[in-house]
1. Criterion first (closer than 25 Å to L352 by Cβ, small (G, A, S), in contact with a Leu (Cβ under 9 Å, 6 or more places away or on another chain) and in the same structural domain as K317 (by TED's automatic domain parsing)) does A203 satisfy it?
2. Looking at V363, V312, V331, which is the one that is under 19 Å from K249 (Cβ atoms) and either in contact (Cβ under 8 Å) with a residue 12 or more places away in the chain or not assigned by TED's automatic domain parsing to the domain that holds K144 (or both)?
3. Just wondering, is there one or more residues in the range 381-395 that are under 32 Å from the mean Cα position of the chain (by Cα), in the same structural domain as R347 (by TED's automatic domain parsing) and either closer than 17 Å to A281 by Cα or surrounded by fewer than 16 Cβ atoms within 10 Å (Cβ to Cβ) (or both)?
4. If I ask for residues that are within 29 Å of Q512 (Cα to Cα), free of Cβ contacts under 8 Å to residues at least 12 places away in the same chain and of a type in the set (A, V, I, L, M, F, W, C), which ones from the range 538-585 would you list?
5. Within the set of pairs 6 or more residues apart or between chains, which connect a residue that is surrounded by fewer than 24 Cβ atoms within 10 Å (Cβ to Cβ) inside the range 480-495 to a residue that is part of a loop (DSSP other than H, G, I, E, B) with Cβ atoms less than 6 Å apart?
6. Output the residues belonging to the range 374-423 that are in a helix (DSSP H, G or I) and hydroxyl-bearing (S, T, Y).
7. Would you be able to say whether some residue in the range 611-628 is surrounded by 17 or more Cβ atoms within 10 Å (Cβ to Cβ) and closer than 20 Å to I446 by Cα?
Amino acid sequence: MQELFKQYLDRNISRGKLLQGLGAVGLSAAAASTIAESLAPLNVSAAQAAGAVRNVRDTGGTLFVQQLKAAGVKYYFFNPSTGDAPIFNAIANEPSIQLIKGIQEGVVVAMTDGYARMSGKTGVCSIANVGLPNGMTQLVNAYKDRIPMLLVIAAFGTQQSGRDGPQDYDHQETMLQPLTKWYWLAESGADIPETTRRALKFASTPPGGPVFVSIPDDILGQPAAADIIDQSMFDVPVKIRADASDIEKVARMLIEAKNPLLSVGDEITMCNGEAEVLQLAELLGLPAAGGGEFGVWSKPFPTMHPLYLGPVLKNMKFPGDVDVRLNIGNVYGEVAGPNTTLISIRRDPTSLGRVGPVDMGLVADNKLAAADLVAAVKSLATADRLRQIAADRLARTKAYTDGMKQMREAMLTGFPSADGGPITLERLGFELENGLEKDTIYVNDIDSGKKMDVFMTFGAGGKTYVGNGPNILGWGMSAGLGAKLARPDSPVVAILGDGAFLFGGPQPLWSQARYKVPVLNIVLNNRSYNNERNRIWTFISGQQFKSGLDMTCYNGSPDVDFVKASEAFGVEAELVKEPGQIKAAIARGKRATAEGRPYLLEILIQRDGVGAGSTWYPPFSVAAMRTRHV
């Protein structure tokens with residue numbers, strides 16, 4: 001489908017060929033027509049008549065910045081290089097756009113990602129062309145999670161490119177192909193505004209994703225003339241409604257199901273459909289699963305609701321043998337047993353039914369589809385019948401979720417009465433639930449965070465959960481900065497392991513300090529890639545497990561002092577060693593952020609699982625190899 005869109009946008013195929021191609025991948029005529037309309041070339045004459053077009057003659061850098069302004073871009077994330085100087089010269093004269101600097105390319109991409117996730121807008125950033133591979137590490141998160149982003153580089157000039165200069169390398173544009181929705185090269189200064197409009201449109205058109213634009217640096221500096229067009233003329237929302245007869249079929253199946261299950265995913269979050277999906281679940285008493293499993297970055301269903309079961313699995317302990325499974329918006333939720341009818345409602349046709357068979361697939365905006373299902377269900381059954389159906393299903397589900405709640409409470413009462421001893425993830429989850437504000441945005445960059453999540457309230461009046469599906473580490477502190485920019489009035493907590501901190505480095509703290517971004521950073525330090533060791537030793541049994549020697553995952557010796565690292569970047573920090581210290585430390589962190597300063601807590605966490613007590617690693621000393629000594 002990428003190639004189909006690009007051919008149409010490059011004017012290599014007609015609208016008819018586009019519609020034919022969209023139909024071939026399973027879209028209805030109405031859906032295909034809606035997408036084609038959103039991608040249609042702009043009628044410049046009509047736009048001029050509406051006063052939405054102005055012709056600008058200036059440098060390519062100015063044309064680029066003016067088109068960003070016309071698109072409503074407020075923040076420009078960047079790491080500077082010499083070639084993109086014309087962009088910053090132009091921004092110097094454009095106070096409506098705020099520069100946000102990161103001191104490493106991956107940090108810039110992750111900040112842009114966090115902003116886009118929480119604002120719902122396309123994040124825009126540029127990084128040094130030679131540092132593009134650094135940015136690509138964090139671009140994986142945005143690509144897999146369908147986050148709208150425009151990544152720009154000032155490429156080597158048209159007279160330099162391909163001549164094997166010291167920092168030049170071939171195929172920069174095509175190198176980004178596997179990690180972007182698409183990529184373009186601006187071929188002239190006059191092309192820059194159109195290329196930028198196209199990129200922003202492509203990034204934001206559902207399913208969203210990052211788009212890469214390469215602009216040769218000599219073009220950025222040369223004078224050119226082009227039309228600058230307001231966003232309202234090219235940013236067309238694509239909200240597809242499912243066919244009414246299909247909605248009625250699904251509604252009837254849900255009413256008549258003996259043992260149904262609802263799985264939920266990130267597309268609900270991106271469509272702002274949480275309330276409608278919850279209404280559907282409550283109307284029919286549907287037990288719901290999803291959010292928090294590997295590959296899912298949001299929690300679109302309230303986690304303490306009596307209908308919520310936890311992460312979605314192929315074989316759920318409860319409700320057991322499912323006869324109808326409705327998947328809404330979960331790219332990894334299309335799993336079902338042999339006797340299950342699987343219905344999947346997705347806004348992304350390219351991944352719907354990509355791996356396994358789907359009995360009924362609908363391409364639709366999740367919010368609209370859930371609302372339409374509610375209306376259809378109410379039209380097919382009396383209110384008394386629906387109340388009885390919902391009551392019976394809720395009673396069975398609540399008996400199960402009440403048992404889960406009692407088990408969590410039993411774990412809490414099992415805490416030692418003394419507040420000494422090691423800090424467990426369960427205890428920390430309890431303290432965070434009680435210590436953080438209800439409207440906190442909780443940015444999770446820790447693989448083992450699920451042990452904390454079950455004690456915390458997310459969604460529908462609770463905290464907002466933000467993770468990244470691929471679990472590419474080193475993302476959290478940067479994404480936390482972007483989230484705070486998007487929602488400056490909401491408290492933001494970025495939680496990460498010692499491994500994630502070491503992956504991403506302390507560089508995001510520099511940006512937090514410079515721009516006075518009041519994020520509470522929490523580093524869980526167990527001096528180990530704890531989950532990785534558990535997986536290696538449990539699922540890949542071998543000599544490490546037999547010998548009890550950890551060849552790869554111990555991060556101590558030397559023990560990193562994260563407090564000192566934080567203070568070196570101008571961010572206050574403290575070390576928490578015992579459970580009894582957590583509550584007061586969280587309060588101090590909240591007070592600092594309330595006063596407008598970032599803060600960091602380093603919390604020593606107990607290692608658990610197989611080989612948890614091991615501090616061994618393969619000994620080696622380069623110093624001992626020397627044959628000459630001073």
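The values are calculated or read from the model by the stated rules, or taken from the named source; none is laboratory data. It should be emphasised that the depicted structure is a prediction, and the values quoted were computed from it without experimental measurement. Here the Cβ positions follow ideal geometry from the backbone for every residue, glycine too, while neighbour counts run over all protein chains shown.
1. Details: closer than 25 Å to L352 by Cβ: yes; small (G, A, S): yes; in contact with a Leu (Cβ under 9 Å, 6 or more places away or on another chain): yes; in the same structural domain as K317 (by TED's automatic domain parsing): no.
Criteria not met by A203.
2. Values: V312 fails: under 19 Å from K249 (Cβ atoms); V331 fails: under 19 Å from K249 (Cβ atoms).
When all the criteria are applied, what remains is V363.
3. Start the filter on the range 381-395 by keeping residues that are under 32 Å from the mean Cα position of the chain (by Cα), which leaves 394.
Retained after the next criterion (residues that are in the same structural domain as R347 (by TED's automatic domain parsing)): 394.
With the extra rule that they be either closer than 17 Å to A281 by Cα or surrounded by fewer than 16 Cβ atoms within 10 Å (Cβ to Cβ) (or both), the set shrinks to 394.
Checking the range 381-395: at least one residue is under 32 Å from the mean Cα position of the chain (by Cα), in the same structural domain as R347 (by TED's automatic domain parsing) and either closer than 17 Å to A281 by Cα or surrounded by fewer than 16 Cβ atoms within 10 Å (Cβ to Cβ) (or both).
4. A584
5. As it stands, the answer is S490/D439; P491/E437; P491/T440, since those pairs meet every condition given.
6. The first filter runs over the range 374-423 and keeps only residues in a helix (DSSP H, G or I), leaving 374-380, 383-413.
Correct list: S379, T397, Y400, T401, T413.
7. If we filter the range 611-628 for residues that are surrounded by 17 or more Cβ atoms within 10 Å (Cβ to Cβ), which is where we start, we get 611, 614.
Okay, now just the ones that are also closer than 20 Å to I446 by Cα, so 611.
Within the range 611-628 (the criterion being surrounded by 17 or more Cβ atoms within 10 Å (Cβ to Cβ) and closer than 20 Å to I446 by Cα), the answer is yes, since at least one residue qualifies.
To keep it simple, each residue is scored yes or no on (1) in contact with a Lys or Arg (Cβ under 8 Å, 6 or more places away or on another chain); (2) in contact (Cβ under 8 Å) with a residue 40 or more places away in the chain; (3) farther than 22 Å from P260 by Cα.
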{"residue": "A370", "(1), (2), (3)": "no, yes, no"}
{"residue": "L373", "(1), (2), (3)": "no, yes, no"}
{"residue": "L380", "(1), (2), (3)": "yes, yes, no"}
{"residue": "A383", "(1), (2), (3)": "no, no, no"}
{"residue": "L394", "(1), (2), (3)": "no, yes, no"}
{"residue": "Y400", "(1), (2), (3)": "no, yes, no"}
{"residue": "R408", "(1), (2), (3)": "no, yes, yes"}
{"residue": "D419", "(1), (2), (3)": "no, yes, yes"}
